[in-house]
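Each remark here refers to the structure printed beneath this line.
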Amino acid sequence: MQTLSGKTLEAIAIERLKEFEADALKMHPDGYYVAYSGGKDSDVILNLVRRAGVKYTAHHNLTTCDPPEVVYHVREQKDVTIHRPPLTMWQLIRKKKTFPLRCRRWCCAELKEVGGSGCMVVTGIRREESSRRSNRRMVESCYRDKTKRYLNIIIDWSTSDVWHYLRVNDIKYCPLYDEGFHRLGCVLCPMQKQSETERDRERFPQIARAWERAIKGIWAPKDGTFPTPDSLWRWWLNREAPVPLNDDDMPLFFRD
């Protein structure tokens, strides 16, 4: 594992946790709010928090379209509280009469990013993950909830650092990684590549059918762009398809 200023990255991450613990306790008597997704990065931060000996509670938000293997792995973490949403993904689609797309991913705010209000939230966000995250800072404020702050303790770790830490410390991780999954998230997430969408339909047929029922269930003829429910479903599955616009220059199915 890399070293920084003569210290290992894991030692620096633990120092960060100890340094900001007083701030976390001022914000909430339970200390840190650890956001645990069940992916490899969150396995690392949960282990680091345990090792640091700081006060914390750990939380996982079910999306209702998570891979079963992720759900089973989360359940194995005895110090993680699992939160079920008031409405499932399918119920939200029916209520909103719309569905997630690349250009409007309301699902994350509704299902994943809830919780942690009034707390310092420990995350597994890393700059290397994407260009969008390359400018993220170690300590950040939440722009949606001003009472919430983020502490990204492995912000400067590489993917190889994460895997090295997991293996050296013999930390169990979700078995989907051993099947070739590089990142874990919702089944048929709109942000996937086309090949990943096709993989998910084959690997998780029950969840794929739930998506299909929900999307076809809110079909309406509109201006004839999608003449049948099946045409709407096929378009949604095509991650490279353009979003059609209506006469008001707004994406169809996203009228507020």
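Before moving on, here are some points about what is shown:
- Cα-based reach from residue 18 at 17 Å (exclusive), listing lysines while leaving out same-chain residues under 8 positions away: 7, 26, 55
- Length gained when the stretch residue 172-residue 11 is fully extended (0.36 nm per residue, less Cα-Cα span): 55.9 nm
- Once the GluC sites (Glu not before Pro) in DSSP loops with at most 16 neighbouring Cβ atoms within 10 Å are cut out of the chain, the longest remaining piece is 114-239.
- By the Kirkwood approach, averaging reciprocal distances over each pair of separate Cα atoms, the chain gets a hydrodynamic radius of 19.9 Å.
- For region 194-237, projected area of the alpha-carbon convex hull averaged over all directions, nm²: 3.0
- Using a Förster distance of 30 Å, the FRET efficiency for residue 158-residue 114 (Cβ separation, nearest 0.05): 0.55
- All-pairs Cα distance distribution in region 1-93, expressed in whole percent, bin size 5 Å: 2, 12, 20, 19, 16, 13, 10, 5, 2, 1, 0
- Evaluated with a Cβ-only charge set (Lys, Arg +1; Asp, Glu -1), the chain carries a dipole of roughly 460 debye about its Cα centre, given to the nearest 20.
- A dipole drawn for the chain from +1 and -1 charges on Cβ atoms has a positive end, and of 90, 208, 73 the residue lying farthest that way is 90.
- Viscosity 0.692 mPa s, temperature 37 °C, Stokes-Einstein D of region 114-227 from Kirkwood C-alpha radius, µm²/s: 186
- Here the simple spin-label model places points 7 Å from the Cα toward Cβ, and for residue 228 and residue 18 these points are separated by 6.6 nm.
- Annotation note: trypsin sites (Lys or Arg not before Pro) in region 197-230 located in DSSP loop regions with a Cβ neighbour count of at most 16 within 10 Å are 222.
Rule-based calculations on the coordinates, nothing more; no lab input. This structure is a prediction, so every number in the text was calculated from the model and none was measured. Here the Cβ is made from the backbone with ideal geometry for all residues, glycine too, and neighbour counts use every protein chain on show.
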